[in-house]
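Below is one structure, written out as structure tokens; the observations come after it.
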Amino acid sequence: MSKIKPAPLPPDTVIGGYRVIRRVSSGGFGVVYLAVDNEGQQVAVKEYLPSSLATRGLGELLPRVVPEKLSLYRLGLKSFFEEGRALAQISHASVVSVLNFFRENETVYMVMNYLEGATLQDFILTARELKTQKVFRESTIRSLFDEVLRGLRIVHQHKMLHLDIKPANIFITDDNRAVLIDFGAAREVLSKEGNFIRPMYTPGFAAPEMYRRDSSMGPWTDIYAIGACIYACMQGFPPTDAPQRQEKDRLTLSLSKLRGIYSDNLIEVVEWCMALDPMSRPQSVFALQKELSREGERRYTKLSVAEKMRMQLDSLVADTRKNVQKVGDAAGIGAKPK
């Protein structure tokens, strides 16, 4: 990978009619900017700029790609463009809204709603620091993931996979909506074609099949990550990554320590989602939704996710916002909470 990350676009750069205000975040596959459109409306603009394939100097607009990496760069760019086109067809409160996507500066830009709030990861870290017995109440977990799964089900119905579900990619907005952000289509294409599998995925949340070139992925791959996210909400930290689990699996032992704190049903749901064998997991989001809303567990889901999140998270908001200010915006497309 490049030793020096590509420089972000300078403030006041105009791309596709959007004026860049500042860089919000950057990762291995792109840079996200706060920008405004012609009417002054704030948007998030995500630029395809894989740091393993491209460089860019300060003040420059065009990425520089060495000839031997150009075909791989273009392959990922095509996937990123197709992802934008597919996401633009999805209209759901729990899926990030893609407003526009376009080619410019020999790369692709995806324009999205600019979200304000904090990620689930921010809330988990804050709750963990409070050292309470439960990181989140079971009622909060069930309501939150019921909302996330509604969005994920729509994504799967559009023949798409997320492929990078983790607490940092579940955004809790200031009006208490849970939104899936930062899809991983370009990452997946590059991992299959390129020579860098493991760095593309987040340890603990990536399903075992994501580490192998010869395995097929499907809804069950995202469902593994959902189970890992629920685990993180229960434990306060990620589960062991899949390759280590395949050598020595301690998942059941870790979850057994939570019996009496969380229901047996919720613990079993996590084990089901995180089965190492893809065919042993729920094969569809609908199957998982059905289990999370079992009749015997209705007491956990009477309130909406907004009500549940408000009840539990209001006490965490102030501390979370302080933490977010310290560590920077980990949301991918979100704003630092005010």
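The values are calculated or read from the model by the stated rules, or taken from the named source; none is laboratory data. Since we're looking at a predicted model, the values are computed, not measured. All Cβ positions, glycine included, derive from the backbone under ideal geometry; neighbour counts span all protein chains shown.
So here's what we get for this one:
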item: Residues that are part of a helix (DSSP H, G or I), without any contact (Cβ under 8 Å) to a residue 60 or more places away in the chain and in contact with a Lys or Arg (Cβ under 8 Å, 6 or more places away or on another chain), drawn from the range 252-298; result: ASN265, ILE267, TRP272, CYS273
item: Test result for THR119, farther than 24 Å from HIS156 by Cβ and crowded, with 22+ Cβ neighbours inside 10 Å; result: no
item: Single match in GLY76, GLY40 (criterion: touching a residue at least 24 places away in the same chain (Cβ under 8 Å) and assigned by TED's automatic domain parsing to the domain that holds LEU99); result: GLY76
item: Those residues of the range 54-73 which are free of Cβ contacts under 8 Å to residues at least 24 places away in the same chain and assigned to a loop (DSSP other than H, G, I, E, B), in sequence order; result: VAL66
item: Residue within the range 35-53 that is within 30 Å of ARG137 (Cα to Cα) and more than 16 Å from the chain's Cα centre (by Cα) present; result: no
item: Test for ARG22: is it at pLDDT 95 or above and surrounded by 14 or more Cβ atoms within 10 Å (Cβ to Cβ); result: no
item: Residue within the range 300-319 that is within 22 Å of THR202 (Cα to Cα), surrounded by fewer than 18 Cβ atoms within 10 Å (Cβ to Cβ) and either at pLDDT below 95 or assigned by TED's automatic domain parsing to the domain that holds LEU180 (or both) present; result: no
item: Matching residues, the range 73-114, being among the β-branched types (Val, Ile, Thr) and in contact with a strand residue (DSSP E or B) (Cβ under 7 Å, 6 or more places away or on another chain); result: VAL95, VAL96, VAL98, THR107, VAL108, VAL111
item: Hits in the range 197-242 (condition: free of Cβ contacts under 8 Å to residues at least 40 places away in the same chain, closer than 18 Å to VAL270 by Cα and assigned to a helix (DSSP H, G or I)); result: ALA242
item: Scan of the range 93-144 for residues that are in contact (Cβ under 8 Å) with a residue 60 or more places away in the chain, part of a loop (DSSP other than H, G, I, E, B) and within 16 Å of the chain's Cα centre (by Cα), ordered by number; result: ALA93, SER94, VAL96, TYR114
